[in-house]
Amino acid sequence: MPFTAGVDVFAQNIRKELNPYVFPPFGMVFPVLSFLKEQEIPVGSVDVQVLDERLKELDARRSSSLDSKRQDCLKREITEFLVRMSGRELTSCTPEDIRRFLVWKDQCGKSQVHKIDCRFLGNKRLFDCNCPVRLASGTVSLMIDRLVNIFHEMGCEKSWNMALGLGNPAASSQVKDYLVPKQAKPIFLTKVKAIVGYIGGRLSMSSVSVRERYILLRDQAWFKLQFFAGDRAGDLANLVAQEVKWLRDYSGIVFNHTFGKTLRGGERRSNMFVVKRCDDEVICPVVGLQDFVSGCKDLGVDLSCGYLFRVVTEDARVLDQPVSYSVVYDRLRVYLRKPGVDEGETPHSFRAGFAVALAMSGSVSEVGQIMRHVGWFGEGSAEYYSRLPALVESDCVA
């Protein structure tokens with residue numbers, strides 16, 4: 001309506017106006033039309049040219065986006081690949097063709113996958129060794145998603161009918177199985193004993209510096225606790241002293257995680273669990289934590305509040321900053337290689353080993369008990385780490 005810029009048209013009685021007009025944002029076109037219908041306006045007109053120009057603008061913006069350009073490039077690549085491989089077009093592509101294309105693309109990756117006996121295992125940079133270079137798993141996953149979208153834009157649904165051989169080949173189970181996450185190699189008690197045995201030997205040496213003594217005390221407590229708690233390395237790093245309490249009879253320690261990977265958001269989640277004493281004091285997490293606290297007290301480090309597991313500088317100053325995953329990983333590799341038991345394990349291996357050990361111990365009768373201790377909120381995670389389905393189906397365990 002004339003001279004009414006900024007006026008809420010939905011609050012007006014349009015029927016009283018003579019030849020009113022409105023310039024709504026593109027997203028408000030249909031609400032305005034619905035409003036005119038409610039007002040029982042007998043005659044109305046829509047400027048189709050303006051709408052078409054807006055659609056052209058949106059199409060141009062989409063085609064010029066970086067993600068759209070990458071998807072178009074991927075479409076050209078797979079089209080050329082099919083022509084060179086079998087002379088077929090994209091419309092006749094099968095799941096097996098998609099798998100062949102992914103294998104071909106995998107050879108152009110930048111992530112080096114080191115073999116178990118490679119001395120560069122655990123390093124992320126490229127090295128002059130015979131280990132293959134592959135695409136990162138996240139890159140392959142994104143590529144599969146783009147292939148699904150490519151076929152969807154060609155008129156295919158986002159599913160594949162294996163019986164009829166129809167649908168979206170990139171959404172087939174064969175293609176999904178191409179990218180299967182590799183589970184961490186579990187660390188069991190025998191290897192935990194080897195690690196803490198090496199650390200104990202170092203601690204008994206009088207020549208150990210103050211800095212190394214703190215690191216050794218911290219690490220032995222960390223690895224014992226991570227195994228028996230089944231904790232993520234990141235969650236354990238964020239543990240603060242205020243979240244650690246004794247049981248009344250001092251038979252164990254109560255931990256109450258309030259921050260972690262699955263504890264974020266507004267649901268006020270927490271993960272409270274108890275770690276009890278072990279008969280074997282060599283691997284006992286309670287004894288390990290006591291030794292760490294008393295050792296820090298002797299070194300003049302106050303652990304009454306703040307982060308429990310902290311970093312230390314080159315000049316032996318302990319900072320109230322949590323250790324990082326990379327620090328723990330580097331230390332673990334040292335402790336595995338010195339005794340000669342390194343098989344490519346990572347800090348996540350403690351979590352995997354604990355879940356399997358707990359499932360086989362006979363102390364739990366259902367997945368829910370493992371979930372409550374470790375802090376999983378879904379049965380899928382508990383079954384994935386503990387391998388419960390595989391253990392239940394096995395007649396015996398070697």
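Within segment 277-306, restricting attention to residues that are among the acidic types (Asp, Glu) and part of a loop (DSSP other than H, G, I, E, B), the residue that is surrounded by the fewest Cβ atoms within 10 Å (Cβ to Cβ) is Asp279. Looking at this structure, is Ile215 under 30 Å from Val244 (Cα atoms) and touching a Lys or Arg at 6+ places or on another chain (Cβ under 9 Å)? Spelling it out, Ile215 is indeed under 30 Å from Val244 (Cα atoms) and touching a Lys or Arg at 6+ places or on another chain (Cβ under 9 Å). Of all the numbered requirements in (1) exposed (fewer than 13 other Cβ atoms within 10 Å of the Cβ); (2) under 25 Å from Ala352 (Cα atoms); (3) at pLDDT below 90; (4) not aromatic (Phe, Trp, Tyr), Pro186 misses one, and that requirement is (1). Among the residues of segment 133-156, those that are surrounded by 13 or more Cβ atoms within 10 Å (Cβ to Cβ), in contact with a Gly (Cβ under 9 Å, 6 or more places away or on another chain) and not aromatic (Phe, Trp, Tyr) comprise Val133, Arg134, Leu135, Thr139, Val140, Cys156. In segment 112-138, the residues that are at pLDDT below 75 reach residues that are hydroxyl-bearing (Ser, Thr, Tyr) with C-beta atoms within less than 7 angstrom, at least six apart or across chains, in these pairs: Gly122/Tyr329. Number of residues in segment 130-183 that are more than 21 Å from Asp106 (Cβ to Cβ) and among the hydroxyl-bearing types (Ser, Thr, Tyr): the value is 1. Would you confirm, using the coordinates I've provided, whether Ser349 is at pLDDT 75 or above, among the hydroxyl-bearing types (Ser, Thr, Tyr) and within 18 Å of Ile195 (Cα to Cα)? Yes, satisfied.
Considering (1) surrounded by 14 or more Cβ atoms within 10 Å (Cβ to Cβ); (2) modelled with pLDDT of 90 or more; (3) within 30 Å of Val318 (Cα to Cα), the lone condition that Leu236 does not fulfil carries the number (2).
Summed over segment 192-220, residues that are farther than 21 Å from Arg337 by Cβ and either in contact with a Cys (Cβ under 9 Å, 6 or more places away or on another chain) or part of a helix (DSSP H, G or I) (or both) total 2. Where helices (runs of 4 or more DSSP H) fall wholly inside segment 61-163, the ranges with 1 or more residues that are among the polar types (S, T, N, Q) and closer than 30 Å to Val334 by Cβ are 137-153.
Close Cβ contacts (under 9 Å, 6 or more residues apart or on different chains) running from residues in segment 209-230 that are within 17 Å of Pro322 (Cα to Cα) to residues that are among the acidic types (Asp, Glu) and surrounded by fewer than 24 Cβ atoms within 10 Å (Cβ to Cβ) comprise Arg211/Glu314; Arg211/Asp315; Leu217/Asp291; Gln220/Asp291; Ala221/Asp291. Picking from residues in segment 81-111 that are hydroxyl-bearing (Ser, Thr, Tyr) and over 22 Å from Ser173 (Cβ atoms), the one that is modelled with the lowest pLDDT is Ser111. Total residues in segment 164-188 satisfying the condition of being more than 30 Å from Gly230 (Cα to Cα), part of a helix (DSSP H, G or I) and touching a helix residue (DSSP H, G or I) at 6+ places or on another chain (Cβ under 6 Å): the figure is 5.
Considering Leu66, Leu90, Leu102, Leu82, the condition of being surrounded by 13 or more Cβ atoms within 10 Å (Cβ to Cβ), among the aliphatic types (A, V, I, L, M) and free of Cβ contacts under 8 Å to residues at least 24 places away in the same chain is satisfied by Leu82 alone.
The values are calculated or read from the model by the stated rules, or taken from the named source; none is laboratory data. Note that this is a predicted model, so its numbers are computed, not measured. Note that we place each Cβ from the backbone using ideal geometry, even for glycine, and neighbour counts take in every protein chain shown.
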